[in-house]
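Right, one structure below, let's go through it.
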Amino acid sequence: MEPKFTEMYQKEPAGEMDGACGQVADLLDSMVDGEATAEEQRFFNSHIEECVNCFENHQKQKLLKGLISGHLKRVIVPESLAQTIKAKIQETI
Ligand SMILES: [Zn+2]
C-alpha cells in the first residue's frame, strides 16, 4: 500500500509547483510594497503568468493594500469628522 501511495504523490506536478508558490507567497508582501529586488520581481512575474493561484493571490493582496491605504487617506483628510469621532470616543470613555 505504502509504495503505491508515494508513487501517486510523485506523479503530481504540484510537488515542484509548491516550492515556487511558496517562494512567490513569501514575495507577495515585498512585491506589493515595491520592495522586491529586480531578480525577485522577474521570478515573481514569470511565475504568476503561469500560476493562476499565485496571480489571484497577488491581485487580492494589491486590492487589500489599496483598500487599506485608500481608507486611511480618507480618514485623515476630514478634520471635522476626526473631531466628531474623538468627541464620541471621549463620550464613551
Ligand atoms: Zn504559484
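Out of the residues in segment 1-20 meeting the condition of being within 16 Å of the ligand (Cβ to nearest atom) and either at pLDDT 95 or above or surrounded by fewer than 11 Cβ atoms within 10 Å (Cβ to Cβ) (or both), tell me which one is nearest to the chain's Cα centre (by Cα).
Among those that are within 16 Å of the ligand (Cβ to nearest atom) and either at pLDDT 95 or above or surrounded by fewer than 11 Cβ atoms within 10 Å (Cβ to Cβ) (or both), it is Gly19.
From the set of residues in segment 47-59 that are surrounded by 12 or more Cβ atoms within 10 Å (Cβ to Cβ) and part of a helix (DSSP H, G or I), which is farthest from the ligand (Cβ to nearest atom)?
Per the criteria, the residue is His58.
So which residues in segment 28-42 are away from the ligand (no atom under 11 Å from the Cβ) and either assigned to a helix (DSSP H, G or I) or among the hydroxyl-bearing types (Ser, Thr, Tyr) (or both), if there are any at all?
Asp29, Ser30, Met31, Val32, Asp33, Thr37, Ala38, Glu39, Glu40, Gln41, Arg42
The values are calculated or read from the model by the stated rules, or taken from the named source; none is laboratory data. What you are looking at is a predicted structure, and each value in this text was computed from that prediction instead of being measured. Reconstructed Cβ throughout: ideal geometry from the backbone, glycine too, with neighbour counts over all protein chains shown.
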